[in-house]
């Protein structure tokens, strides 16, 4: 049985590896969430793995919210006796993320899925053929909002 | 030095029950590795969900998978109910869990038959699929559906477990107990099963953790995690869950874990039927769901299911993300294939218990 991670340990570890002040948010029911800068993501995940043994990446969720149409929100859902989520915001015009595959190889398919569905460029990993979309898909990332941002 | 050849398997292939494209690199009898491609049953369910009301989404979500349909709607309903701030009656919680366990039994029996067929035991395949009918009969009696049960609704369940159901279920479960005991004996004694599974495609606990696998495949490598015990939805927090693990991580361990999980699920069904409280089976739920976000995890027959749901205060979900257990199981497959002989490919594919419809969504 996995040792349960404590939210205060999660916050302490994330805070120690980020430049900007951060705090736990309780806006996602059942999850302990923190918003971080996209540039800090790789280092923070590496620290969480090394210091807290938080290795189980359950999923990566991306969304283009109607209240933030010019941004894409990407959530990394981890689990260790409870749910822990790291949230990053990317500009919708040019979303770029650093791959976690060098530290969590299981991030492979999750990253490929959000890259295809939301048109996110993932750096620091090999180019791969589409995982889910057909080879001749030319209609743009299918999960992006079509309406113009206000 | 033997020449490297690429063996294409799928998207349509007699070995596969669902479409997936595998490209296996081999040199003689030795498999060097492989790549895979999904998307042949991608239905865009996450996007479709945004254009349907919460209630309309239940039949849609039930069709993510033709085997573990109930656990998907259960997880979705608990997510919506969390946003609504309602707790469903305890009786409804137990009925949901009963169906989840019956689904686990029928999923594992189906898998057992597929594995038996791939190792050349056609008789065991016939028997296990025959016995799976007993579970499907119970589910049909309870809900009217063998695979898509339509039993969940926002706020509870639609069908009750009546007094007349109990003798029918007790009779069929007794038969299943006897049959599972026989399967245990066959799989532990039959030399051909041992020969085809012992030491085949082992996965270390480290590798399981790196790939984020959960469920029977992880437990067969000694990773002692089960969402029913470690992050339980009700009523699992009130039930004593016995988690089956095996340290070896090979095809045999995955067989062992699943057979004993069938047995444990049968015991759990009996516990649920003994503990099921009297009372209502549903509460009234509003159609508009307050704005908010929630993550709900549950243990499907193949492992961890995660639902992220965001509501913007309307009758329609603003975002529904579904994580199914087959996706990480597929990611690890090239690694598994790289260690085996060509003749063992079916055993490896069967051992992981793939559900491509789940992975594609």
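Observations, loosely collected:
- For chain A, modelled as a GNM whose springs connect Cα atoms under 10 angstrom apart, the maximal fluctuation among A:11, A:41, A:133 occurs at A:133.
- Förster radius 56 Å - calculated FRET efficiency between residue A:50 and residue B:174, Cβ distance, rounded to 0.05: 0.60
- Diagonalising the gyration tensor over the Cα atoms of the stretch A:7-123 and scaling each eigenvalue by 5 before taking the square root yields semi-axes of 21, 16, 13 Å, largest first.
- Inter-label distance, nm, simple model (7 Å from Cα along the C-beta direction), residue B:164/residue B:141: 1.1
- Gyration tensor verdict on the stretch A:60-117 (Cα atoms; rounded if a/c is under 1.5, prolate if a/b is larger than b/c, oblate otherwise): oblate
- Residue A:70 versus residue B:312: modelled label distance in nm, points set 7 Å from Cα along the beta carbon direction: 1.8
- Per residue, the convex hull spanned by the Cα atoms of the protein assembly as shown amounts to 144 cubic angstrom.
- Label-point separation in nm, residue B:5 to residue B:264, each point 7 Å along Cα→Cβ: 4.3
- Sequence-separation-based contact order of chain B, relative, with Cα cut under 8 Å and 6+ spacing, percent: 26
- Folded to 0 to 90 degrees: helix B:90-118 orientation relative to chain B principal axis, Cα: 20
- Put in order of Cβ neighbour count within 10 Å, fewest first, the listed residues B:124, B:41 become B:41, B:124.
- Between helix B:165-189 and chain B: long-axis angle, C-alpha atoms, 0 to 90°, nearest 10: 20
- Percent antiparallel among DSSP beta bridges (both partners in the stretch A:7-123, rounded to 5): 70
- Computed helical MRE - 222 nm, chain B, DSSP H runs ≥ 4 contributing -39500 (n - 2.57), nearest 500: -15000 deg cm²/dmol
- Summary of packing: across the peptides B:317-325, A:24-32, the per-residue average of other C-beta atoms within 10 Å ranks them, highest first, as B:317-325, A:24-32.
- Helix A:107-118 vs. chain A, principal-axis angle (Cα, 0 to 90°, nearest 10): 40
- Mean separation of Cα contacts under 8 Å, 6 or more apart, over the residue count of chain A: relative contact order %: 20
- Shape of chain B, Cα gyration tensor, a/c cut at 1.5: oblate
- Model label zone, residue A:4; criterion: amide N under 18 Å from point 7 Å along Cα-to-beta-carbon; scope the stretch B:249-289: none
- From the alpha carbon centroid of the stretch B:158-206 to that of the stretch A:72-118 is 38 Å.
- The stretch B:274-361 shape via C-alpha gyration tensor axes, a/c threshold 1.5: oblate
- Sorted by Cβ neighbour density within 10 Å, fewest at the top, the residues A:13, B:269: A:13, B:269
No lab work stands behind these numbers, since they all come straight from the coordinates. A quick note: this is a predicted structure, and the numbers were derived from the prediction, not measured. Methodologically, a virtual Cβ is constructed for each residue, glycine included, from the backbone with ideal geometry; neighbour enumeration extends over all protein chains shown.
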